[in-house]
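Take a look at the structure set out below.
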Amino acid sequence: MKYHEMSPEQVEKAVQTSFKNGLTNEEIKIRRKQFGFNELQEAEKQSALLLFFSQFKDFMVIVLLVATLISGILGEYIDAIAIILIVFVNGILGFFQERKAEKSLEALKELSAPMATVLRGGKWEKIPSKEIVPGDILRFASGDRISADIRLFEISSLEIEESALTGESVPAVKEIAPIHGENIGLGDLNNMAFMGTMVTRGSGKGVVIGTGMKTAMGQIADLLQTEQNLQTPLQRRLEQLGKILIVVALVLTLLVVAIGVWQGHDLYTMFLSGVSLAVAAIPEGLPAIVTIALSLGVQRMIKKNAIVRKLPAVETLGCASVICSDKTGTMTQNKMTVTHLWANDQTWTVSGQGYEPQGHFTRNNQTMNPAQDDHFYKLLSFSMLCNHAALIEEKGKYHVDGDPTEGALLVSGMKAGLSRDHLLQEYRIIQEFPFDSSRKMMTVIVEDKKGHRFAITKGAPDILISLSESVYVGGKKQYMSQIWTNRLQTTVERLASQALRTIAVAYKPVPNRLFNHEAEVENELVFIGLQGMIDPPRPEVKAAIQECKAAGIKTVMITGDHVITARAIGEQLGILNRDDFVLEGRKLESMSLKELDEIVDNVSVFARVSPEHKLKIVKALQNKGHIVAMTGDGVNDAPAIKAADIGIAMGINGTDVAKESSALILLDDNFATIKAAIHEGRNIYENIRKFIRYLLASNVGEILVMLFAMILALPLPLVPIQILWVNLVTDGLPAMALGLDQPEGDVMKRKPRHPKEGVFARRLGWKVISRGFLIGVATLLAFLIAYKQNPDHLEYAQTVAFATLVLAQLIHVFDCRSEHSIFARNPFGNPYLVWAVLSSVVLMIIVIYFPPLQTVFHTVAIVPTDWLLILAMAAIPTFLLAGSLFIRKK
Ligand SMILES: Nc1ncnc2c1ncn2[C@@H]1O[C@H](COP(=O)(O)OP(=O)(O)OP(=O)(O)O)[C@@H](O)[C@H]1O
Ligand SMILES: [Ca+2]
């Protein structure tokens, strides 16, 4: 018999598990051995060896290797071996850089790996989907992606979208009864759920019958989308720029060689110098370093609870000009406590803190036991029945498993001495229509001991008022007249203006049958009462909003809550500025996109909106030229998250679907984390700018010193191996250290960067050319002075030039830390950079003074007075311009 033909109990036996307790740890181990991990096989990755060799494929490196080989054959052994060694070390460096970049990208994937809720050893727990084995019991709800093939055994309004498997885009309505018949296709197996499909409504439980490649998804492996890590815009721009730079470097190198030969240098020396120069000056390593800087930034973001799913988002973050954020849980703590009850035309306050079920009910210094009053009894007990949450006590601390709003309703009932377990002995739950943020209500149908059935609906008061035809007051139903409507509305607004979130409860008797659709019962209700709960703002959010404002980023709150509640919280958090207003979902709905465009810049709170409205908000803001960050958690949030420039999903409360559409996940669901991520995003971009600036200026310096020397008919200021050494040492560690630099103090005080900004924007091009030019000139001057003093000893002058070039670059690297000037911040503030520079200096000294290396690098020991000259010349490029800037500022 196939699983879909069995009853749930038969399946339970067949796969040897327990619906009540799940698998035991021993059993899981055995099955893991037998079935392996729940993974689809992926295409092979590039091997390490291949990656290593690909470092050498670069054209100029090959030319260099061939050239050295020739020089080796011609007898220049030491030079040949040294050059090959340096190229080799360069290759290793590039290899490790790319390796690291790849590894951290993999780690990223791992972090955003899907999770599943399973029952193991009698307890529900969240585990990586990879660890699921056949026989595991899974639980899932709207927005989850199913992580294995399962046979369903408990469902509530469950609908699953299976287009990935069946091509059918209308969600399948699930059932649990066995299915019999011939020729049953995947699309007909409605008591099963398949790996990779998506729950669009309701919730359910099932037992795993297939994992990994043994799933319906595993059998159509060619459908596997191997996820691509898109290049960031900057990487793309750098790649284009790289091509131009290669041409420029080659042309200049050719020029150096041509002029050199024309001036009488021998062809062979010029050829080797030219090739070395080309290898040194072509910034082929730039993309790898950019990837590393990006992924290092990503690591730092993880420490701040933000997970980047798509690398381009790191950059876009720095451009964000509007953050649209959910209120509940993101700006507030999502720790709900009922403080007010309204029923029978009376408002009572409830004392107590958090979820601890202890407190009193008071009104005008009177206390009461609400369980004794039929109105309040109905309000509290019905709120507990129409409820999915559980209150859990652990070591004297209470927390909620489920929706915090519902948790608060459990707690208020318990304060009156009620318990859900007792209530469930009185009332049997027949059917349930789950809460969704578009309807803003939830309904259960219960049957009491006498067999009478009625529907209990709880939800947003304004909606329930309009669906009710009477109010339960003074022990009887009173017609919902205009007077009552007004009175209820005023009450709701009074509670809402205290920033309380309000939930209304209503009921109605229903006939003994099952209903297909919630609309059949959610009408003609009897209004019972209200519960008002506080949800305090997260303490750090107010400051974060302030900081965003200073950074030119506007914060917009989007909430399903009541307009007045939303306004009260918006004011508390400082979101609502003087000219800003609150726009209600209903109005938004009736507006055209054009009309919304007109006003969207002045709306800072959207209230009573459905997730479907978010897309319109994103579009309108984008039409106004904004770069929009948008948060979300549910299935219906996905389109807006996708459409936003930076889609953000909640890590704790977010559904799989929301996470999959997002570029960024907040591990702590906290608004302040968005701010931190933007801060980091800006910093990463600035750091990339820093080392682009550094590397390119260094390269310009290297080329120009050679070019000028040739034009002035001088001997070669640097020998090939020295050029290669400079390239290796100064481009290696110091450039990496710049990628680890701390943000400059004012990054969050600048306006957001324009997303189309080019690599050389904000005077970067000028800085590269001017510093590079000065480095070249200064090095040449040092060379000239040393050469004039000692014309018979070329190696002496070359050593001086070598030291000047290295030091000039190592001093310049400190200048690159600031957009303003080297004096704008403590130059030694980045310890990595200090160590990188120090070790580069030590390496240089070894190369100059260690005799065996002297032969290799054609250096000679120079004397202290030379160092004075070198230092002075090396300092010129940085301090000349920085100094002039400094004076101009004063
Ligand atoms: N579990 C629930 N059952 C019934 N009604 C609910 C429930 N949760 C919330 N509501 C009602 O629906 C309204 C909207 O809730 P929704 O979850 O859409 O938005 P929100 O969580 O308040 O805001 P945000 O979009 O910022 O998360 C609430 O104001 C409340 O009145
Ligand atoms: Ca919500």
Select from the range 111-166 the residues that are at positive phi and in contact with an Asp or Glu (Cβ under 9 Å, 6 or more places away or on another chain) and write down the one among them that is surrounded by the fewest Cβ atoms within 10 Å (Cβ to Cβ).
157
Selected residue [touching a His at 6+ places or on another chain (Cβ under 7 Å), at pLDDT 95 or above and within 13 Å of ligand 1 (Cβ to nearest atom)] from 459, 532:
532
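Specify the residue that is nearest to ligand 2 (Cβ to nearest atom); the eligible residues are those in the range 597-630 that are of a type in the set (S, T, N, Q) and in contact with a strand residue (DSSP E or B) (Cβ under 7 Å, 6 or more places away or on another chain).
Top of the filtered list is 604.
Table: residues versus (1) under 19 Å from residue 406 (Cβ atoms); (2) open to solvent by 20 Å² or more (accessible area, probe 1.4 Å).
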| position | (1), (2) |
| --- | --- |
| 486 | no, yes |
| 498 | no, yes |
| 501 | yes, yes |
| 505 | yes, no |
| 513 | no, yes |
Here are 617, 665: which of them is closer than 29 Å to residue 404 by Cβ, among the hydrophobic types (A, V, I, L, M, F, W, C) and either touching an Asp or Glu at 6+ places or on another chain (Cβ under 8 Å) or within 16 Å of ligand 1 (Cβ to nearest atom) (or both)?
617
Please work out which one of (1) under 41 Å from the mean Cα position of the chain (by Cα); (2) surrounded by fewer than 22 Cβ atoms within 10 Å (Cβ to Cβ); (3) not β-branched (Val, Ile, Thr) is the condition residue 469 fails and give its number.
(1)
Looking at the range 351-394, which of the residues that are part of a helix (DSSP H, G or I) and surrounded by fewer than 19 Cβ atoms within 10 Å (Cβ to Cβ) is nearest to ligand 1 (Cβ to nearest atom)?
377
Using beta carbons and a limit of 9 Å, which pairs, at least six apart or on different chains, have the first residue in the range 770-794 and within 17 Å of residue 718 (Cβ to Cβ) and assigned by TED's automatic domain parsing to the domain that holds residue 810 and the second one part of a helix (DSSP H, G or I) and acidic (Asp, Glu)?
772/702; 775/702; 776/702; 779/702; 782/866; 786/866
Among (1) among the hydrophobic types (A, V, I, L, M, F, W, C); (2) surrounded by fewer than 21 Cβ atoms within 10 Å (Cβ to Cβ); (3) touching a helix residue (DSSP H, G or I) at 6+ places or on another chain (Cβ under 9 Å), which single condition is residue 652 missing?
(3)
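Tally time: how many residues in the range 698-734 are among the acidic types (Asp, Glu) and open to solvent by less than 10 Å² (accessible area, probe 1.4 Å)?
Result for the range 698-734: 1.
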Grab the helices (runs of 4 or more DSSP H) fully contained in the range 631-732, keeping just those with 3 or more residues being at negative phi and within 16 Å of ligand 2 (Cβ to nearest atom).
638-643, 656-661
Taking strands (runs of 3 or more DSSP E) that do not extend beyond the range 517-611, which have at least 1 residues that are assigned by TED's automatic domain parsing to the domain that holds residue 352?
525-534
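Residue-wise test of (1) crowded, with 18+ Cβ neighbours inside 10 Å; (2) touching a Ser or Thr at 6+ places or on another chain (Cβ under 7 Å).
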position: 419; (1), (2): no, no
position: 422; (1), (2): no, no
position: 431; (1), (2): yes, no
position: 438; (1), (2): no, yes
position: 446; (1), (2): yes, no
position: 451; (1), (2): no, no
position: 459; (1), (2): yes, no
position: 462; (1), (2): yes, no
Answer yes or no: is there a residue in the range 260-283 that is in a loop (DSSP other than H, G, I, E, B) and under 43 Å from the mean Cα position of the chain (by Cα).
yes
Does residue 406 satisfy the criteria of being more than 16 Å from ligand 2 (Cβ to nearest atom) and either outside the structural domain of residue 588 (by TED's automatic domain parsing) or surrounded by 17 or more Cβ atoms within 10 Å (Cβ to Cβ) (or both)?
no
Mind checking whether some residue in the range 318-340 is farther than 30 Å from residue 562 by Cα and away from ligand 1 (no atom under 16 Å from the Cβ)?
yes
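Within the range 558-577, is even one residue within 15 Å of ligand 1 (Cβ to nearest atom), of a type in the set (D, E, K, R) and closer than 21 Å to residue 673 by Cα?
Within the range 558-577, the subset within 15 Å of ligand 1 (Cβ to nearest atom) is 558-570, 572-573, 575.
If we keep only those that are of a type in the set (D, E, K, R) too, we end up with 561, 567.
Pick out the ones that are also closer than 21 Å to residue 673 by Cα and you get none.
Looking for residues that are within 15 Å of ligand 1 (Cβ to nearest atom), of a type in the set (D, E, K, R) and closer than 21 Å to residue 673 by Cα, one finds none in the range 558-577, hence no.
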Looking at the range 835-854, which of the residues that are open to solvent by less than 70 Å² (accessible area, probe 1.4 Å) and in contact (Cβ under 8 Å) with a residue 12 or more places away in the chain is farthest from residue 733 (Cα to Cα)?
848
Complete set of residues in the range 325-350 that are surrounded by fewer than 19 Cβ atoms within 10 Å (Cβ to Cβ) and assigned to a strand (DSSP E or B):
346, 347, 349
Hits in the range 612-629 (condition: open to solvent by 40 Å² or more (accessible area, probe 1.4 Å) and not in a loop (DSSP other than H, G, I, E, B))
615, 616, 619, 622, 623
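May I ask you to list the residues in the range 189-201 that are of a type in the set (Gly, Ala, Ser) and open to solvent by 10 Å² or more (accessible area, probe 1.4 Å)?
Step one: list which residues in the range 189-201 are of a type in the set (Gly, Ala, Ser), which gives 193, 196.
196, the sole residue that qualifies.
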Residues of the range 1-43 that turn out to be closer than 22 Å to residue 113 by Cα, part of a loop (DSSP other than H, G, I, E, B) and open to solvent by 60 Å² or more (accessible area, probe 1.4 Å), as a count
5
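The values are calculated or read from the model by the stated rules, or taken from the named source; none is laboratory data. Treat the numbers as computed from the prediction; the structure is a model and nothing was measured. In this analysis, Cβ positions are derived from the backbone assuming ideal geometry, glycine residues included, and neighbour counts consider all displayed protein chains. Note: accessible area is taken over every heavy atom of the protein model, side chains too, but ligands, DNA and RNA are not part of it. Shrake-Rupley method; radii C 1.70, N 1.55, O 1.52, S 1.80 Å.
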